[in-house]
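*Asks:* Quick one: the structure is below, questions incoming.
The values are calculated or read from the model by the stated rules, or taken from the named source; none is laboratory data. Worth saying up front: this structure is predicted, and the values here are computed from it rather than measured. As a convention, Cβ positions derive from the backbone with ideal geometry for all residues, glycine included, and neighbour counts pool all protein chains shown.
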Amino acid sequence: MRVVVAGGGIIGLWCAAELAGAGAEVVVADHGALAGVAAPASAGWVVPVLSAPLSGPGVLSRSVLGLLRGQGSFAIRPAPTPALPRWMTGFLRSGTAAGHREGLKALLELGLSGVAGFEALRRTSPFELHRTGLLIAARTRHGAREAAELAEQARAAGYPGPVKTLDGAELRALEPALGPGVAGGVHATDDVHVRPEQVLDALTRVAEERGVDVRRGVAVLGVERSGHGRWNVVTGGGVLEADRVVIAAGVWSAALLAGLGVRVPLLPGGGYSLTARGTGTAPRHALKLIEANVAISPFEDGVRVSGMFELAAGPRPPAPRRMRHVLRTALPYLRDWRPTGFSGNGVRHGLRPATPDSLPLIGPVPGRDGVYAATGHGTLGLTLAPGTAEHLTPLVLTGREAAVLAPFALTRWAARPA
Ligand SMILES: Cc1cc2nc3c(=O)[nH]c(=O)nc-3n(C[C@H](O)[C@H](O)[C@H](O)COP(=O)(O)OP(=O)(O)OC[C@H]3O[C@@H](n4cnc5c(N)ncnc54)[C@H](O)[C@@H]3O)c2cc1C
């Protein structure tokens with residue numbers, strides 16, 4: 001069976017490697033030159049403990065307040081798209097207590113194999129993987145309570161790893177990079193962080209070793225029926241024939257799906273990261289700075305600071321003031337670490353493929369037999385990549401549906417096209 005995967009980001013590559021491992025002949029067509037590809041900008045966290053959907057009771061009022069003050073970690077770019085009202089309506093509808101609880105359970109189930117998936121990939125092809133766990137640090141008592149609640153919700157939804165609650169002194173003893181202003185937080189000891197750019201290289205190597213034909217610089221323009229249940233994937237470099245197609249083009253999947261007559265509420269959630277060398281005490285743990293909503297990832301050659309969720313961002317150029325905002329809100333948590341110069345891939349802007357309910361779109365494309373979607377992974381694309389590939393593969397190759405994928409069906413948003 002020949003499968004064409006449209007998009008060679010973390011999701012497309014992981015699916016391609018898994019499909020080839022199960023015996024399929026696989027071609028990956030990747031554009032290769034788009035600004036805003038998400039994974040290389042990411043913090044690299046594989047963190048099932050943070051599976052809670054973004055939508056939830058009280059989230060909107062907090063975000064709108066930050067938006068109005070221009071101070072929050074959430075923003076809407078000034079030229080919102082016509083798709084925004086539908087997205088916002090979906091966000092509000094899914095933000096009930098029950099929606100939040102069910103969403104968390106579904107994401108957690110999909111993401112539970114995440115850490116093991118990265119460990120297994122690393123045994124085949126090396127990359128940086130840090131097992132220091134995730135520390136959630138708060139500067140206020142309210143933030144410390146929020147961190148403890150987040151961990152407790154994850155535990156109640158089935159997160160199996162140990163989570164320790166720590167006061168400010170205990171946090172600083174464990175992570176000397178944290179400053180005196182830190183009041184408390186939690187430590188999820190089993191979650192890990194990886195170097196995302198290296199993971200993409202490792203995945204490409206593994207996929208190619210399994211016989212996947214990874215083509216960079218090949219933009220998919222559309223997907224058309226070719227007769228006898230087969231499909232033509234039309235690319236800038238010609239037509240690729242396929243028995244099955246997987247659309248895994250990140251936020252750009254929305255346009256490919258629209259070409260098939262299927263409209264899904266998928267918008268970019270723009271984020272920023274900066275990887276830098278510095279002076280002072282560098283962090284040793286992945287740190288979520290809870291009030292600032294900033295992620296810190298220590299790597300071998302520097303520290304990555306990332307944050308912001310800029311809804312409906314791009315294709316306009318990223319705003320440098322957003323990166324400055326991320327850094328400005330992060331530094332007060334740290335004792336004395338200060339960036340002195342770029343390392344790694346420097347400053348990056350990435351577009352998270354975001355759905356209103358924070359649940360990805362994984363499964364058959366309605367009314368288009370043989371075409372599947374694997375996108376919409378939002379803030380959790382790395383964490384969910386192994387689980388997505390594991391469960392999508394039997395569905396694509398044998399039609400066998402896994403119960404774990406049911407909450408991610410496209411039919412929750414997309415009507416069957418005519
Ligand atoms: C700042 C930031 C921090 C993040 N931190 C984390 C984190 O710590 N942990 C975590 O789990 N997640 C994190 N994420 C989210 C994660 O990066 C994304 O969910 C994930 O990268 C999405 O993967 P993807 O393959 O769907 O999309 P992308 O990574 O965007 O890849 C899409 C691919 O499709 C290709 N493509 C697009 N259009 C076409 C076309 N027409 N034809 C051919 N190819 C095409 C592109 O070239 C690209 O290679 C973060 C994201 C950002 C921006």
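*Asks:* Anything in the stretch 16-49 that is modelled with pLDDT of 95 or more, more than 9 Å from the ligand (Cβ to nearest atom) and of a type in the set (A, V, I, L, M, F, W, C)? List them, or say none.
*Replies:* Matches in the stretch 16-49: ALA16, ALA17, LEU19, ALA20, ALA22, ALA24, VAL26, VAL27, VAL49.
*Asks:* In the list GLY90, GLY111, which residue meets the criterion of being modelled with pLDDT of 95 or more and in contact with a Ser or Thr (Cβ under 8 Å, 6 or more places away or on another chain)?
*Replies:* GLY111 is the lone residue from the list that is modelled with pLDDT of 95 or more and in contact with a Ser or Thr (Cβ under 8 Å, 6 or more places away or on another chain).
*Asks:* With the checklist (1) within 27 Å of PRO394 (Cβ to Cβ); (2) surrounded by fewer than 21 Cβ atoms within 10 Å (Cβ to Cβ) in hand, flag the one item HIS31 doesn't pass.
*Replies:* (1) is the only condition that HIS31 fails.
*Asks:* So, one more: What pairs can you find where one residue is in the stretch 7-19 and closer than 8 Å to GLY250 by Cβ, the other is within 8 Å of the ligand (Cβ to nearest atom) and assigned to a helix (DSSP H, G or I), and their Cβ atoms are less than 6 Å apart, with a gap of 6+ or different chains?
*Replies:* Between residues of the stretch 7-19 that are closer than 8 Å to GLY250 by Cβ and residues that are within 8 Å of the ligand (Cβ to nearest atom) and assigned to a helix (DSSP H, G or I), the close pairs are GLY9/ALA39; GLY9/GLY250; ILE11/ALA385.
*Asks:* A follow-up question, please. Any residue at all in the stretch 328-336 that's buried (at least 19 other Cβ atoms within 10 Å of the Cβ), more than 16 Å from the ligand (Cβ to nearest atom), modelled with pLDDT of 95 or more and outside any loop (DSSP other than H, G, I, E, B)?
*Replies:* yes
*Asks:* I'm checking my understanding of the structure. Among residues of the stretch 225-272 that are within 14 Å of the ligand (Cβ to nearest atom), of a type in the set (Val, Ile, Thr) and touching a residue at least 60 places away in the same chain (Cβ under 8 Å), which one is nearest to ALA17 (Cα to Cα)?
*Replies:* Of everything passing the filter in the stretch 225-272, VAL246 is nearest to ALA17 (Cα to Cα).
*Asks:* Also: Could you check, for the stretch 221-240, whether at least one of its residues is assigned to a strand (DSSP E or B), at pLDDT 95 or above and among the aromatic types (Phe, Trp, Tyr)?
*Replies:* yes
*Asks:* Please enumerate the residues belonging to the stretch 361-414 that are touching a residue at least 60 places away in the same chain (Cβ under 8 Å) and part of a loop (DSSP other than H, G, I, E, B).
*Replies:* VAL365, PRO366, GLY367, ARG368, ASP369, GLY370, GLY376, HIS377, TRP413, ALA414
*Asks:* Give ALA409, ALA403, ALA373 a once-over and let me know the one that is more than 16 Å from the ligand (Cβ to nearest atom) and either among the polar types (S, T, N, Q) or farther than 19 Å from GLY114 by Cβ (or both).
*Replies:* Criteria check complete, one pass: ALA409.
*Asks:* Taking the conditions exactly as written (under 29 Å from ALA39 (Cβ atoms), not hydroxyl-bearing (Ser, Thr, Tyr) and not assigned by TED's automatic domain parsing to the domain that holds ALA248), does ALA169 satisfy them or not?
*Replies:* In short, no.
*Asks:* Taking the condition in the same structural domain as SER273 (by TED's automatic domain parsing) and either within 16 Å of the ligand (Cβ to nearest atom) or within 20 Å of the chain's Cα centre (by Cα) (or both), does GLY344 pass?
*Replies:* In short, yes.
*Asks:* Something else now. Which of the residues belonging to the stretch 226-259 are touching an Asp or Glu at 6+ places or on another chain (Cβ under 9 Å) and buried (at least 20 other Cβ atoms within 10 Å of the Cβ)?
*Replies:* Hits for the stretch 226-259 are TRP231, VAL233, ALA249.
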